[in-house]
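See below for the structure under consideration.
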Amino acid sequence: MAILDVQNIEKHFGATQVLQDISFSLEEGQALAIIGSSGSGKTTLLRCLNFLETPDHGRIRVRDEVLFDADDPSTQRESEVRRKRLHFGMVFQSFNLFPQYTALQNVTLAKELLSQERPDFKANKRAILEEIRGEGLSLLEQMGLGDRAGHYPHQLSGGQQQRVAIARALALSPDILCFDEPTSALDPELTGEVLRVIRGLAEKRTTMVIVTHEMAFARDVADQVIFMDSGVIVEQGPAREVIEHPRQERTRQFLARYAGQ
(Lines give C-alpha, C1' and ligand atoms only; values in the text may rest on other atoms or scores of the structure.)
Protein backbone atom coordinates (compact mmCIF):
# COMPACT_ATOMS: atom_id res chain seq x y z
CA MET A 1 0.00 0.00 0.00
CA ALA A 2 1.22 3.49 -0.84
CA ILE A 3 2.36 5.68 2.05
CA LEU A 4 1.00 8.74 0.19
CA ASP A 5 -2.02 8.71 -2.08
CA VAL A 6 -3.13 11.95 -3.78
CA GLN A 7 -6.35 11.87 -5.76
CA ASN A 8 -7.79 14.52 -8.09
CA ILE A 9 -6.41 17.57 -6.29
CA GLU A 10 -7.52 20.94 -7.64
CA LYS A 11 -6.68 24.42 -6.41
CA HIS A 12 -7.85 27.87 -7.49
CA PHE A 13 -6.63 31.31 -6.52
CA GLY A 14 -9.61 33.45 -7.43
CA ALA A 15 -10.52 32.71 -11.03
CA THR A 16 -7.11 31.18 -11.76
CA GLN A 17 -6.84 27.40 -11.59
CA VAL A 18 -3.32 26.50 -10.51
CA LEU A 19 -3.78 22.75 -9.97
CA GLN A 20 -6.04 20.53 -12.07
CA ASP A 21 -6.83 16.87 -11.38
CA ILE A 22 -3.50 16.02 -9.73
CA SER A 23 -3.23 12.33 -8.82
CA PHE A 24 -0.21 10.24 -7.84
CA SER A 25 0.97 7.81 -5.19
CA LEU A 26 4.27 7.22 -3.43
CA GLU A 27 5.57 4.05 -1.83
CA GLU A 28 7.40 4.10 1.48
CA GLY A 29 11.14 4.57 0.99
CA GLN A 30 10.78 6.16 -2.43
CA ALA A 31 11.90 9.61 -3.55
CA LEU A 32 9.62 11.52 -5.91
CA ALA A 33 10.98 14.52 -7.84
CA ILE A 34 8.57 17.11 -9.21
CA ILE A 35 9.94 19.16 -12.10
CA GLY A 36 8.54 21.89 -14.32
CA SER A 37 8.84 25.54 -15.24
CA SER A 38 8.18 28.38 -12.83
CA GLY A 39 4.44 28.80 -12.39
CA SER A 40 3.63 25.20 -13.26
CA GLY A 41 2.05 24.54 -9.84
CA LYS A 42 4.86 22.56 -8.19
CA THR A 43 5.16 24.63 -5.03
CA THR A 44 1.38 24.99 -4.68
CA LEU A 45 1.08 21.21 -4.79
CA LEU A 46 3.69 20.85 -2.06
CA ARG A 47 1.90 23.47 0.05
CA CYS A 48 -1.36 21.56 -0.34
CA LEU A 49 0.33 18.39 0.92
CA ASN A 50 1.56 20.26 3.99
CA PHE A 51 -1.79 22.05 4.49
CA LEU A 52 -0.28 25.48 3.98
CA GLU A 53 -2.94 25.70 1.26
CA THR A 54 -6.35 24.02 1.25
CA PRO A 55 -7.30 22.19 -1.96
CA ASP A 56 -10.66 22.98 -3.51
CA HIS A 57 -11.20 19.40 -4.61
CA GLY A 58 -9.66 15.98 -4.10
CA ARG A 59 -8.35 13.67 -1.42
CA ILE A 60 -5.04 13.16 0.41
CA ARG A 61 -4.28 10.00 2.34
CA VAL A 62 -1.15 9.07 4.35
CA ARG A 63 -0.89 5.40 5.25
CA ASP A 64 -4.43 4.42 6.24
CA GLU A 65 -5.60 7.88 7.30
CA VAL A 66 -7.55 10.26 5.09
CA LEU A 67 -6.03 13.63 5.95
CA PHE A 68 -8.16 15.64 3.53
CA ASP A 69 -11.31 14.99 1.56
CA ALA A 70 -13.01 17.96 -0.07
CA ASP A 71 -16.34 16.13 0.25
CA ASP A 72 -15.92 15.43 3.97
CA PRO A 73 -16.02 18.54 6.21
CA SER A 74 -14.76 16.50 9.18
CA THR A 75 -11.33 16.30 7.49
CA GLN A 76 -11.12 20.07 7.10
CA ARG A 77 -11.21 21.24 10.71
CA GLU A 78 -8.65 23.97 11.36
CA SER A 79 -7.99 22.46 14.78
CA GLU A 80 -6.60 19.33 13.11
CA VAL A 81 -4.16 21.05 10.75
CA ARG A 82 -1.18 21.04 13.13
CA ARG A 83 -1.55 17.30 13.78
CA LYS A 84 -1.81 16.57 10.06
CA ARG A 85 1.31 18.59 9.31
CA LEU A 86 3.29 16.26 11.56
CA HIS A 87 3.10 13.67 8.76
CA PHE A 88 5.19 15.99 6.56
CA GLY A 89 8.57 17.55 7.25
CA MET A 90 8.96 20.71 5.17
CA VAL A 91 12.21 22.23 3.92
CA PHE A 92 11.67 25.61 2.27
CA GLN A 93 13.71 27.49 -0.33
CA SER A 94 14.81 30.25 2.04
CA PHE A 95 15.71 28.18 5.14
CA ASN A 96 13.17 29.97 7.43
CA LEU A 97 15.36 29.57 10.51
CA PHE A 98 14.66 31.62 13.62
CA PRO A 99 17.52 34.17 13.75
CA GLN A 100 17.38 34.50 17.55
CA TYR A 101 17.98 30.77 18.11
CA THR A 102 21.10 28.66 17.67
CA ALA A 103 21.26 25.84 15.15
CA LEU A 104 20.46 23.32 17.88
CA GLN A 105 17.57 25.37 19.22
CA ASN A 106 16.11 25.65 15.73
CA VAL A 107 16.23 21.87 15.42
CA THR A 108 14.72 21.08 18.81
CA LEU A 109 12.17 23.88 19.25
CA ALA A 110 9.13 22.17 17.72
CA LYS A 111 9.69 18.93 19.59
CA GLU A 112 10.23 20.78 22.86
CA LEU A 113 6.92 22.61 22.42
CA LEU A 114 5.08 19.40 21.60
CA SER A 115 6.64 17.63 24.57
CA GLN A 116 4.91 20.07 26.91
CA GLU A 117 1.62 18.40 26.00
CA ARG A 118 2.84 15.08 27.37
CA PRO A 119 1.09 14.10 30.62
CA ASP A 120 4.46 13.29 32.21
CA PHE A 121 6.21 16.50 31.12
CA LYS A 122 6.18 18.32 34.47
CA ALA A 123 7.42 15.28 36.36
CA ASN A 124 10.17 14.46 33.86
CA LYS A 125 10.90 17.82 32.26
CA ARG A 126 14.68 17.72 32.59
CA ALA A 127 15.05 14.17 31.25
CA ILE A 128 12.67 14.82 28.37
CA LEU A 129 14.44 18.01 27.29
CA GLU A 130 17.86 16.37 27.60
CA GLU A 131 16.69 13.53 25.38
CA ILE A 132 15.37 15.98 22.78
CA ARG A 133 18.64 17.91 22.91
CA GLY A 134 20.61 14.70 22.38
CA GLU A 135 18.46 13.80 19.38
CA GLY A 136 18.99 17.29 17.96
CA LEU A 137 22.75 17.04 18.34
CA SER A 138 22.68 13.64 16.63
CA LEU A 139 20.77 15.11 13.67
CA LEU A 140 23.24 17.97 13.36
CA GLU A 141 26.07 15.45 13.42
CA GLN A 142 24.37 13.58 10.56
CA MET A 143 24.27 16.87 8.63
CA GLY A 144 27.98 17.42 9.26
CA LEU A 145 27.21 20.30 11.63
CA GLY A 146 28.05 18.85 15.03
CA ASP A 147 30.54 21.67 15.63
CA ARG A 148 28.00 24.35 14.64
CA ALA A 149 25.27 23.52 17.19
CA GLY A 150 25.82 26.75 19.13
CA HIS A 151 26.05 28.99 16.08
CA TYR A 152 23.28 31.38 15.08
CA PRO A 153 21.94 31.46 11.49
CA HIS A 154 23.90 34.62 10.60
CA GLN A 155 27.09 32.77 11.55
CA LEU A 156 26.37 29.96 9.07
CA SER A 157 26.71 29.75 5.31
CA GLY A 158 23.60 29.28 3.19
CA GLY A 159 24.40 25.61 2.72
CA GLN A 160 24.85 25.14 6.45
CA GLN A 161 21.57 26.91 7.17
CA GLN A 162 19.75 24.64 4.75
CA ARG A 163 21.27 21.58 6.40
CA VAL A 164 20.01 22.88 9.76
CA ALA A 165 16.58 23.23 8.14
CA ILE A 166 16.76 19.61 6.98
CA ALA A 167 17.70 18.47 10.50
CA ARG A 168 14.76 20.48 11.87
CA ALA A 169 12.37 18.81 9.41
CA LEU A 170 13.65 15.38 10.45
CA ALA A 171 13.38 16.09 14.17
CA LEU A 172 9.69 15.14 14.38
CA SER A 173 10.21 11.89 12.44
CA PRO A 174 7.74 12.72 9.65
CA ASP A 175 6.33 10.07 7.34
CA ILE A 176 7.33 12.13 4.31
CA LEU A 177 10.06 14.74 3.92
CA CYS A 178 9.18 17.55 1.48
CA PHE A 179 11.69 19.85 -0.21
CA ASP A 180 10.69 23.00 -2.09
CA GLU A 181 13.58 23.90 -4.43
CA PRO A 182 16.10 23.34 -1.60
CA THR A 183 19.07 24.71 -3.54
CA SER A 184 17.48 27.66 -5.35
CA ALA A 185 18.65 30.20 -2.74
CA LEU A 186 22.22 28.88 -2.72
CA ASP A 187 25.32 29.86 -4.62
CA PRO A 188 26.50 27.11 -6.99
CA GLU A 189 29.42 26.14 -4.75
CA LEU A 190 27.03 25.50 -1.83
CA THR A 191 24.45 23.55 -3.82
CA GLY A 192 26.50 20.36 -3.83
CA GLU A 193 26.69 20.05 -0.04
CA VAL A 194 22.88 20.16 0.28
CA LEU A 195 22.33 17.74 -2.60
CA ARG A 196 24.79 15.32 -0.99
CA VAL A 197 22.71 15.34 2.20
CA ILE A 198 19.51 14.65 0.26
CA ARG A 199 21.26 11.93 -1.72
CA GLY A 200 22.31 10.33 1.57
CA LEU A 201 18.71 10.42 2.80
CA ALA A 202 17.59 8.73 -0.40
CA GLU A 203 20.19 6.01 0.12
CA LYS A 204 18.69 5.44 3.58
CA ARG A 205 15.28 5.07 1.88
CA THR A 206 13.78 8.18 3.42
CA THR A 207 10.41 8.85 1.81
CA MET A 208 10.69 12.22 0.05
CA VAL A 209 8.89 14.58 -2.30
CA ILE A 210 11.38 16.99 -3.89
CA VAL A 211 10.47 20.00 -6.01
CA THR A 212 13.69 20.66 -7.88
CA HIS A 213 15.27 22.26 -10.92
CA GLU A 214 18.33 19.99 -10.65
CA MET A 215 17.63 17.59 -13.53
CA ALA A 216 20.72 15.41 -13.15
CA PHE A 217 20.02 15.07 -9.43
CA ALA A 218 16.39 14.11 -10.09
CA ARG A 219 17.46 11.53 -12.66
CA ASP A 220 20.08 9.92 -10.45
CA VAL A 221 18.42 10.09 -7.01
CA ALA A 222 14.63 9.98 -7.47
CA ASP A 223 12.70 6.76 -7.98
CA GLN A 224 9.85 8.57 -9.72
CA VAL A 225 9.54 11.89 -11.55
CA ILE A 226 6.47 14.02 -12.22
CA PHE A 227 6.64 16.73 -14.87
CA MET A 228 4.08 19.50 -14.37
CA ASP A 229 3.05 22.24 -16.77
CA SER A 230 0.25 24.80 -16.37
CA GLY A 231 -1.12 23.09 -13.28
CA VAL A 232 -1.43 19.57 -14.70
CA ILE A 233 0.72 16.46 -14.61
CA VAL A 234 1.93 16.01 -18.16
CA GLU A 235 4.07 12.94 -17.56
CA GLN A 236 5.11 10.72 -14.68
CA GLY A 237 7.12 7.56 -14.33
CA PRO A 238 10.55 6.18 -13.41
CA ALA A 239 13.06 9.01 -13.14
CA ARG A 240 15.51 7.95 -15.84
CA GLU A 241 12.74 7.02 -18.21
CA VAL A 242 11.01 10.40 -17.95
CA ILE A 243 14.18 12.51 -18.09
CA GLU A 244 16.13 10.53 -20.69
CA HIS A 245 13.25 9.22 -22.82
CA PRO A 246 10.21 11.49 -22.33
CA ARG A 247 7.06 10.42 -24.15
CA GLN A 248 5.24 13.74 -24.21
CA GLU A 249 6.22 16.64 -26.46
CA ARG A 250 5.79 19.20 -23.67
CA THR A 251 8.21 17.21 -21.51
CA ARG A 252 10.73 17.05 -24.34
CA GLN A 253 10.47 20.80 -24.92
CA PHE A 254 10.98 21.57 -21.23
CA LEU A 255 14.02 19.30 -20.91
CA ALA A 256 15.47 20.70 -24.15
CA ARG A 257 15.10 24.26 -22.85
CA TYR A 258 16.69 23.30 -19.57
CA ALA A 259 19.60 21.56 -21.30
CA GLY A 260 20.19 24.71 -23.32
CA GLN A 261 20.52 26.97 -20.26
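The values are calculated or read from the model by the stated rules, or taken from the named source; none is laboratory data. A quick note: this is a predicted structure, and the numbers were derived from the prediction, not measured. Ideal geometry is used to build each Cβ from the backbone, glycine not excepted, and the neighbour counts take in all protein chains shown. Ligands, DNA and RNA are excluded from the accessible area calculation, which covers all protein heavy atoms including side chains. Shrake-Rupley method; radii C 1.70, N 1.55, O 1.52, S 1.80 Å.
Step by step: first the residues of the range 140-159, then only those that are within 24 Å of the chain's Cα centre (by Cα) and of a type in the set (S, T, N, Q), then the one that is least open to solvent (accessible area, probe 1.4 Å). Which residue is that?
Ranking the candidates gives Ser157 first.
Examine the range 42-49 for a residue that is touching a residue at least 12 places away in the same chain (Cβ under 8 Å), touching a strand residue (DSSP E or B) at 6+ places or on another chain (Cβ under 9 Å), more than 20 Å from Val234 (Cα to Cα) and not in a strand (DSSP E or B), and state whether such a residue exists.
No, the conditions are met nowhere in the range 42-49.
Inside the range 208-236, can you point out the residues that are open to solvent by less than 10 Å² (accessible area, probe 1.4 Å) and more than 22 Å from Ile166 (Cα to Cα)?
Ile226, Phe227, Met228, Gly231, Glu235 - these are the residues of the range 208-236 that are open to solvent by less than 10 Å² (accessible area, probe 1.4 Å) and more than 22 Å from Ile166 (Cα to Cα).
Based on what the data block shows, is Ala202 over 13 Å from Leu32 (Cβ atoms), in contact with a strand residue (DSSP E or B) (Cβ under 9 Å, 6 or more places away or on another chain), touching a residue at least 60 places away in the same chain (Cβ under 8 Å) and surrounded by 19 or more Cβ atoms within 10 Å (Cβ to Cβ)?
Here the answer is no, as Ala202 does not meet what is asked.
Which of the numbered conditions does Gln162 fail, given that it passes all the others? Conditions: (1) farther than 18 Å from Gln30 by Cβ; (2) loosely packed, with under 14 Cβ neighbours inside 10 Å; (3) in contact with a strand residue (DSSP E or B) (Cβ under 9 Å, 6 or more places away or on another chain); (4) of a type outside the set (A, V, I, L, M, F, W, C).
Of everything listed in (1) farther than 18 Å from Gln30 by Cβ; (2) loosely packed, with under 14 Cβ neighbours inside 10 Å; (3) in contact with a strand residue (DSSP E or B) (Cβ under 9 Å, 6 or more places away or on another chain); (4) of a type outside the set (A, V, I, L, M, F, W, C), Gln162 misses just condition (2).
Condition first: modelled with pLDDT of 95 or more, in contact with an Asp or Glu (Cβ under 7 Å, 6 or more places away or on another chain) and outside any helix (DSSP H, G or I). Can you find one or more residues in the range 100-123 that meet it?
The answer is no, given that none of the residues of the range 100-123 is modelled with pLDDT of 95 or more, in contact with an Asp or Glu (Cβ under 7 Å, 6 or more places away or on another chain) and outside any helix (DSSP H, G or I).
Go over the candidates Leu137, Leu113 one by one and state the one that is within 23 Å of the chain's Cα centre (by Cα), aliphatic (A, V, I, L, M) and surrounded by 13 or more Cβ atoms within 10 Å (Cβ to Cβ).
Leu137
Kindly check whether there is at least one residue in the range 205-213 that is modelled with pLDDT of 95 or more and on the phi > 0 side of the Ramachandran plot.
The answer is yes; a qualifying residue exists.
Take the conditions surrounded by 15 or more Cβ atoms within 10 Å (Cβ to Cβ) and not in a loop (DSSP other than H, G, I, E, B) and apply them to Arg82. Does it pass?
no
Give the residues of the range 28-39 that are under 15 Å from the mean Cα position of the chain (by Cα) and not in a strand (DSSP E or B), sorted by residue number.
The answer is Glu28, Gly29, Gln30.
Being in contact with a His (Cβ under 7 Å, 6 or more places away or on another chain) and open to solvent by 30 Å² or more (accessible area, probe 1.4 Å) is the filter here, so list the residues in the range 38-69 that pass it.
Correct list: Asp56 only.
What number of residues within the range 1-35 are modelled with pLDDT of 95 or more, open to solvent by less than 20 Å² (accessible area, probe 1.4 Å) and closer than 24 Å to Val221 by Cα?
So the count comes out to 12.
Would you check which residues across the range 29-67 are farther than 30 Å from Gln253 by Cα and of a type in the set (Lys, Arg) and list them?
Residues satisfying the conditions are Arg59, Arg61, Arg63.
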